[in-house]
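The values are calculated or read from the model by the stated rules, or taken from the named source; none is laboratory data. Not measured: the values here are computed from a predicted model. Heads up, the Cβs are rebuilt from the backbone with ideal geometry, glycines too, and the neighbour counts pull from every protein chain shown. We work out accessible area using only protein heavy atoms, side chains counted, and drop any ligands, DNA or RNA first. Shrake-Rupley method; radii C 1.70, N 1.55, O 1.52, S 1.80 Å.
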Amino acid sequence: IISHFYNILEESFNHFLKKYFKESNYWYKDSNIDNYINFMNDIDLFNTSLITNIIKNYFEYIDNVFFNTSYRKQFCSSKGFYSRTILTMFGEVTYKRRYYFDKSNNERFFFTDFFLNLSKRKYFDHFVCSEICNEAASSNYSKSGKIIASKIGNRINNNISISRASSRNIVMNFNIPDNDELDNRKLERLFVMLDEKFVGSQFNNGKDHMIKAAVIFEGTELEYKTKRKPNSTNRYRLVNSHTCASVDNRLLSNTVDYIYNTYDTDYLKEIIFMGDCATWIKHFPRSNWFNFNKDTKVMFAMDGFHFSQAINQLTTQKHIDVRDALLDIVKKNDKNNFITLCSEFKDLYPERSDTIENKTNYILNNWNERQLYQNNSYMKCSMESHISHIFADIFTSRPKAYSKKGIRQLLKLRLLKTNNKNIKQIYFNSFKNTNSNIN
């Protein structure tokens, strides 16, 4: 086989480069850009052709070796040759392989496909599929196909097309496993941010899908200080963050499982939940599942973003003085004066009474949760920006709608990407110990 590959190399070399090393005229003083362009184009074709020829010959060599084995001669009869074309990251490869019948177990198979675990009747090889799945974690199906097609096309100097439907089929057929990584980190305090994102739906009577999400982290570290504007704040990053999300109302079990599998729960002293005080968010920490030990203290705090949003909507930009007064009152934990000032403000603007009353009640109903957040500087919630970065960018930045099955699969991919998992390696691992190419 080695001598055979030498022949392939020699044939390719002679076909593409003979004219440059043996037949070209270099003794005339002549300058022409085509001399360089032609050489570089031809050596690119030589490289691509050589690689695809090696792949083709390796595939056919596998079949020939099996054909001459004692096992094949004793149990398997050949039913003739069949050609197959697959798309690799080096371009299309067309190869021949025999179709066998195994008399010992009545199985029909292509040994080459079986040995390499190539999916039956699939045009795209595992590397192309893994690249598309990896790209689909950040881009839509159409764009993912174009990006990978362009990567292949640039390599072989040819146009390749991967349709939106092909990209979607590849992603939907990806058997994404559940995360089962185990650790035993010892930590006394843990933070959990909660929020939701609504995504347009198909086949759901016009009702949007609700993605519930949690970001679990161990604390924050100062990334850098910025004072570009007078009201600029310092930039912090989350330490060892992990995102859980579900469209099937499984966020609670996913969050509990992650904490249990990652941390020494007997060591946990505090779990601090933060969010916008929606009903489901306030009920989330009340689950008994978070009482990992008798000393675990579970708290809930109202994040700064939604508190500030409520104050701004209550007062509007026209009444900065009232807004500043309310902020100062809340900071001093003076609930009675807060009620009095909001009531007087509502009387002055009866046309906005509904909004003022709703926002007042929102803050009053979550007064203690707000006090907890503002009186503990180590509590920092940036869930709104996480929701925007993780989900809005891919699901709602452009008008789109998803089936429940489709959004479930894309959500799994997005979480792998967000949690810094190697999607391509996970894709390859999903085919281990599978014999999907018999028959």
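Brief remarks on what is shown
- Among the conditions (1) in contact with a helix residue (DSSP H, G or I) (Cβ under 8 Å, 6 or more places away or on another chain); (2) open to solvent by less than 80 Å² (accessible area, probe 1.4 Å); (3) on the phi > 0 side of the Ramachandran plot, the only one that Gly206 does not satisfy is (1).
- Those residues of region 129-145 which are under 14 Å from Met89 (Cα atoms) and without any contact (Cβ under 8 Å) to a residue 24 or more places away in the chain, in sequence order: Gly145
- Helices (runs of 4 or more DSSP H) fully within region 216-330 counting 3 or more residues that are hydroxyl-bearing (Ser, Thr, Tyr): 251-262
- Filtered residues of region 322-360 (kept if within 14 Å of Ile311 (Cβ to Cβ), among the hydroxyl-bearing types (Ser, Thr, Tyr) and surrounded by fewer than 13 Cβ atoms within 10 Å (Cβ to Cβ)): none
- Region 271-321 - residue that is open to solvent by less than 10 Å² (accessible area, probe 1.4 Å) and of a type in the set (Val, Ile, Thr) and, of those, farthest from Asn254 (Cα to Cα): Thr315
- Phe110 passes every criterion in (1) more than 19 Å from Arg168 (Cβ to Cβ); (2) surrounded by fewer than 19 Cβ atoms within 10 Å (Cβ to Cβ) apart from (2).
- Sole residue being touching a residue at least 24 places away in the same chain (Cβ under 8 Å), within 28 Å of Ser144 (Cβ to Cβ) and either assigned to a helix (DSSP H, G or I) or of a type in the set (A, V, I, L, M, F, W, C) (or both), chosen from Ile356, Ile363, Ile339, Ile387: Ile387
- Residue that is within 30 Å of Leu118 (Cα to Cα), of a type outside the set (Ser, Thr, Tyr), assigned to a helix (DSSP H, G or I) and at pLDDT 90 or above, where the choices are Ile86, Ile62: Ile62
Quick grid of which residues meet (1) surrounded by fewer than 13 Cβ atoms within 10 Å (Cβ to Cβ); (2) not basic (Lys, Arg):
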site: Ala137; (1), (2): no, yes
site: Ser150; (1), (2): no, yes
site: Ser167; (1), (2): no, yes
site: Asp178; (1), (2): yes, yes
site: Glu188; (1), (2): yes, yes
site: Lys197; (1), (2): no, no
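- Members of region 176-193 found to be more than 19 Å from the chain's Cα centre (by Cα) and among the charged types (D, E, K, R), listed by number: Asp183, Arg185, Lys186, Glu188, Arg189
- The residues listed here are Arg370, Arg414; of these, the one that is under 40 Å from the mean Cα position of the chain (by Cα), buried (at least 16 other Cβ atoms within 10 Å of the Cβ) and more than 30 Å from Arg121 (Cβ to Cβ) is Arg370.
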